[in-house]
Amino acid sequence: MMDGNRYLWDKTGEPDPELQRWEELLARFSPRETPIGPTLPARESRRTKRVYYWLAAAACLLFAMGAALRSAWQPGPQWKVVTVAGTPRIDNRPVASGGRIGAGGMLETDRHSRARLRLGLMGVIEIEPNSRVRLVETRAGRHRIALQSGSIAARLWAPPWTLSVDTPSATAIDLGCAFSVRVDEKGSGYLRVTSGWVQFQLNGRRAIVPAGARAFTRPGVGPGTPFFEDSSSAFQLALERLDFGDRGYQDASALGVLLSESRAKDIVSLLSLLPRLPASARGMLFDRASQLLPPPAGFTREDALGGTNQPGMDAWWDKLGLGDAKNWLVDWRDVFASLR
Amino acid sequence: MERFVATSKSGSNPRATSPDLLHPKNGEKENIIADEAGELRQMVGAARAGDDSAFSALYRRFFRMVHAILLSRVPNGDVDDLAQEVFLQAWRRLPALRDPLAFGGWLRRIAVHQSADHLRREHYTEQLDSNSALAPGDEEAWFLLAEVRRLPEAYRETLVLRFVEGLTGPEIAKLTGLTPDSVRVNLHRGVKLLRTRLKGGAR
């Protein structure tokens, strides 16, 4: 190796004067000392970062699962129809395998046939024989069917107000539960609740029906007062006279029978009936109801007669211990039952 | 918590290179290389785990390389600040470095990108430094530096390391991660081209 090349390479050998001159000139651009280094910011440990990664991944996974579940939850614009027995028909055509019904479609069963409507993962509606059901509306969070005649049984695990069932004389609104509705050709019928609560209403007339109770309905009148199915026949007859009889809530005789036949459990009927009665009859009912379950502190007889203390009435209802009408999540078992 | 990267001891000569390192005796060379690789691996590993004293050691070892890379690309007055930025970035991104022995080349790439970003931001043209306030005798030095900066990238960087920072070819190879042969070629071709240009040859 030539000396000049060696000097250029490792500063050994004969120095090259020109290279030495360059070294001398350019060395002035070199810092004399290594300056103070930068202020180092605290760095997250790898473990912390790993935790963040896992948390982010878990959040993404939960989001994806939530989105998938939400998608599967809703029934979509076309509900799946399953033939359970016989030959159900959609718009006069037999239900084919993988049959579906959209808004406006009519599902009919004869005396030999039964069908099942699947509402995604949200639940199912069983269509009993001799029934006519129209799908009125279906969109996210709002589904509506009309039972023109016959019977249906619904099981749902969904937020309140998700499903409505119109009948010729009242509308049943699901508050998160299992229930059945039956109406005859004239439009009379009943609602029966087996889990949770259902609101049964026509115009301003309303009945909140808890599990184990039933409420009748009549065309032109609307829903009657809810009652437990194990109440006495005399109690039920008296209630029917009050709700649908000629003298209606003015029937003091029927009211007398009702009060005398009432058990502790029947306070549900009494409290439902209280706002329907004329003010002159409310005192008797309040007295009996107070014996069965004392009203909350601050709720007086005058409040009952005047019908103005709604918070007090709500507190009385709460004392029944039947659960929150909107607490649909506690009925989670119903959805598994519906998927079987 | 704020931490400062330590500097070299006051009074020490940063340009001094141990003669033993430059001229190892026969049979010792491989041992020295292995020891240095192990030391580098250890320092990078510790710094990656958050040890700021290990990062200080890396800073001291590689500062001149970063300084040279920046000086060959950006105005002299911006070099110190940019060097700090380069090491800050290195500190932040160090956990992503897989091979500790590749630290030099990895740091070099950060410095190159940093200088390119800086030039883009500041919209510099060819004139990198103002030489309006030159000290007597500096004019020739500025002219020489300007000529070095006009060399192709690989040559100018290696020449700045050799003539500004005073490193030898083997030291340049060790710091930058380039092979000794590449460094040798860059030095020889760079010097040859610089000589031609200084004699008024092709520009």
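Scan the stretch A:181-191 and tell me whether some residue there is among the aromatic types (Phe, Trp, Tyr) and in contact with a helix residue (DSSP H, G or I) (Cβ under 7 Å, 6 or more places away or on another chain).
no
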Worksheet, complete the sentence: Residue hits (the stretch B:155-203; facing another protein chain (nearest Cβ under 8 Å), part of a loop (DSSP other than H, G, I, E, B) and buried (at least 22 other Cβ atoms within 10 Å of the Cβ)) are B:165
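Of the residues A:239, A:191, A:202, A:175, which is under 27 Å from residue A:103 (Cα atoms) and at pLDDT 95 or above?
Residue meeting the stated conditions: A:191.
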Worksheet item: Within the bounds of the stretch A:83-103, is there any residue that is surrounded by 11 or more Cβ atoms within 10 Å (Cβ to Cβ), of a type in the set (Ser, Thr, Tyr) and over 14 Å from residue A:138 (Cα atoms)?
Response: yes
Worksheet entry | Hey, residue B:100 modelled with pLDDT of 85 or more, at the interface with another protein chain (Cβ under 9 Å from one of its Cβ atoms) and more than 30 Å from residue B:146 (Cα to Cα) or not | no
Response to the item:
Scanning the stretch A:156-182 for residues that are crowded, with 23+ Cβ neighbours inside 10 Å, within 17 Å of residue A:117 (Cβ to Cβ) and over 11 Å from the mean Cα position of the chain (by Cα) gives A:165, A:167, A:172, A:178, A:179, A:181
Item to complete: Test each condition in (1) out of contact with any Pro (no Cβ under 7 Å at 6 or more places or on another chain); (2) of a type in the set (S, T, N, Q); (3) within 28 Å of residue A:70 (Cβ to Cβ); (4) in contact (Cβ under 8 Å) with a residue 40 or more places away in the chain for residue A:138 and report the one that comes out false.
Response: (1)
Worksheet item: Hey, does the stretch A:190-199 have a residue that's of a type outside the set (A, V, I, L, M, F, W, C), in contact with a Cys (Cβ under 9 Å, 6 or more places away or on another chain) and at positive phi?
Response: yes
Discussion item. Return the pair list, or none, for Cβ contacts closer than 7 Å from residues in the stretch A:177-195 that are over 22 Å from residue A:160 (Cβ atoms) to residues that are among the aliphatic types (A, V, I, L, M) and assigned to a strand (DSSP E or B), at least 6 apart or on different chains.
Written reply: A:183/A:147; A:189/A:181; A:189/A:183
Practice prompt. Please specify each residue of the stretch A:6-31 satisfying the condition of being away from every other protein chain (no Cβ under 12 Å) and not in a loop (DSSP other than H, G, I, E, B).
Written response: A:17
Response to the item:
Checked the stretch A:119-134 for anything crowded, with 23+ Cβ neighbours inside 10 Å and over 19 Å from the mean Cα position of the chain (by Cα); matches are A:127, A:131, A:133
Worksheet item: When only residues in the stretch B:50-61 that are more than 10 Å from chain A (Cβ to nearest Cβ) and either under 21 Å from the mean Cα position of the chain (by Cα) or not in a loop (DSSP other than H, G, I, E, B) (or both) count, which is nearest to residue A:32 (Cα to Cα)?
Response: B:57
Worksheet, complete the sentence: Per the filter on the stretch B:62-86, residues within 12 Å of the chain's Cα centre (by Cα) and either surrounded by fewer than 17 Cβ atoms within 10 Å (Cβ to Cβ) or under 22 Å from residue A:42 (Cα atoms) (or both) are B:62, B:63, B:83, B:86
Item to complete: Identify, from the list A:3, A:16, A:10, the residue that is farther than 17 Å from residue B:64 by Cβ, at pLDDT 85 or above and surrounded by 12 or more Cβ atoms within 10 Å (Cβ to Cβ).
Response: A:16
Fill in: Of all residues in the stretch A:32-86 being modelled with pLDDT under 75 and within 11 Å of chain B (Cβ to nearest Cβ), the one that is nearest to residue B:78 (Cα to Cα)
A:43
Discussion item. Condition first: acidic (Asp, Glu) and surrounded by fewer than 16 Cβ atoms within 10 Å (Cβ to Cβ). Now tell me which residues in the stretch B:138-154 satisfy that.
Written reply: B:138, B:139, B:140, B:153
Worksheet item: All but one of (1) touching a strand residue (DSSP E or B) at 6+ places or on another chain (Cβ under 6 Å); (2) over 20 Å from residue A:207 (Cβ atoms) hold for residue A:269; which doesn't?
Response: (2)
Worksheet, complete the sentence: For the stretch B:81-97, pairs from a residue that is within 7 Å of another protein chain (Cβ to nearest Cβ) and on the phi < 0 side of the Ramachandran plot to a residue that is assigned to a helix (DSSP H, G or I) and among the basic types (Lys, Arg), with Cβ under 9 Å and 6 or more apart or across chains, are B:95/A:46; B:95/A:49; B:95/B:48
Worksheet item: Quick check: is even one residue across the stretch A:186-205 more than 20 Å from residue A:317 (Cα to Cα) and charged (D, E, K, R)?
Response: yes
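Matching residues to (1) touching a Pro at 6+ places or on another chain (Cβ under 6 Å); (2) away from chain A (no Cβ under 13 Å); (3) under 26 Å from residue B:110 (Cβ atoms); (4) at pLDDT 85 or above:
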{"position": "B:7", "(1), (2), (3), (4)": "no, no, yes, no"}
{"position": "B:17", "(1), (2), (3), (4)": "no, no, yes, no"}
{"position": "B:23", "(1), (2), (3), (4)": "no, no, no, no"}
{"position": "B:33", "(1), (2), (3), (4)": "no, yes, yes, no"}
{"position": "B:36", "(1), (2), (3), (4)": "no, yes, yes, no"}
{"position": "B:41", "(1), (2), (3), (4)": "yes, yes, yes, yes"}
{"position": "B:48", "(1), (2), (3), (4)": "yes, no, yes, yes"}
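The values are calculated or read from the model by the stated rules, or taken from the named source; none is laboratory data. Because the structure is a prediction, the values reported are computed rather than measured. Cβ coordinates were reconstructed from backbone atoms using ideal geometry, including for glycine residues, and neighbour counts include every protein chain displayed.
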